[in-house]
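Right, one structure below, let's go through it.
Every number here is computed from the coordinates shown, using simple stated rules; none is lab data. Being a predicted model, the structure only gives us computed values, none of them experimental. Ideal geometry is used to build each Cβ from the backbone, glycine not excepted, and the neighbour counts take in all protein chains shown.
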């Protein structure tokens, strides 16, 4: 009888430990889901700061190539965004309409002044496709200031674990230079600036030329180029009188 | 290679191209589908024929617009050509064929009817001097387009909506 009690007690203790372990594991999963913005339970709870991983080009050579993002817009039009056709950085923000952690990013990503991203940083918001999202919900969050593409394929291509999730792409190479989760807008902007700084320091990007000059700087640069070519103020070539003076090899308009 | 499609227009975009196919909201009257394709980032607030975009082009860039006209254009002399051109020659591009004349650039515009729909295809080269390289890119884009007959179910007004 004593032996039976001892065995029963041992079994109960063992089962208790197993149950406690399962509960703890379940809590960890729920916490992680909350941090990714797809949690269930108390939606009013403030999101816990999530780990941010926007690595630099030098430290992340294996992030790989970034594919184009193609899908539909919340209004039912079609949209494809190439991330390798300029020297700019492209920040892809993978957001959901129902994720509590995304609310601040919906507003910030569509207001460049608020986010204060580096110049020549293009922002694109990517949600899942109409098969997983309600277009009217997404439409209600868009302002039309940045492209919003609904594409489940893009989430698969970029292996997005949940929202909000961000990928930074160097347009000059077409490769990802950072990706990860951010819980606050300020964190995201700072990490993009850091990635841009690291890229500039490493001499990367800008394969298609520096940012275009404007105003007096552009005028001075043009004068300098012309002077080096021997074209000084008053040169006849600066004052074309016929179309052929401008386009000496131009052909006539096609007949058709 | 990304593929996009809407409003009876499908494009298998060549590498480096991006694009959009949309119907501009009409404040008055009816609007029809427009496809815009480019080898550089397309701003969201550009005109149908590229105003706001062609000034951003580099010399190695290409911009193209496929613009559908209303059914009243069907059967007119301007749209008498059956189907789009098979391919463009370098001589089809001229600095005189630009909606907005920008030194160095050149363009071409063709009107045709395909799948019972009247279209114009307008393409701009970032550099007329580089047309031996750029015209083949336009031709690749042109051949990637599929134009389907207009379906009633695809018209914006016919999309299912809640009242």
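Observations on the model:
- Over segment B:55-155, relative contact order from alpha-carbon pairs under 8 Å, at least 6 apart, %: 35
- For B:57-68, mean number of other protein chain Cβ atoms within 10 Å: 1
- Counting only other chain Cβ atoms within 10 Å of each residue's Cβ, the peptide A:64-77 averages 4.
- Computed label-point distance, nm, for sites residue B:127 and residue B:80 using a 7 Å Cα→Cβ extension: 3.9
- Computed from the C-alpha gyration tensor, the three semi-axes of the ellipsoid equivalent to segment B:1-42 are 23, 12, 5 Å, from longest to shortest.
- Listing A:79, B:117 from fewest to most neighbouring C-beta atoms within 10 Å gives B:117, A:79.
- Tail weight of P(r) past 18 Å, computed on alpha-carbon pairs of chain B, percent: 59
- Exercise: per-residue mean of other protein chain Cβ atoms within 10 Å, B:92-103: 3
- Listing A:175, B:7, A:26 from fewest to most neighbouring C-beta atoms within 10 Å gives A:26, A:175, B:7.
- For residue B:146 and residue A:25, a Förster radius of 30 Å and the Cβ-Cβ distance give a FRET efficiency of 0.05, rounded to the nearest 0.05.
- Reported value for segment A:69-201: 94 Å³ per residue, from the convex hull of its C-alpha atoms.
- For chain B, the longest principal axis of the alpha carbon atoms and the long axis of helix B:131-143 meet at an angle near 20°.
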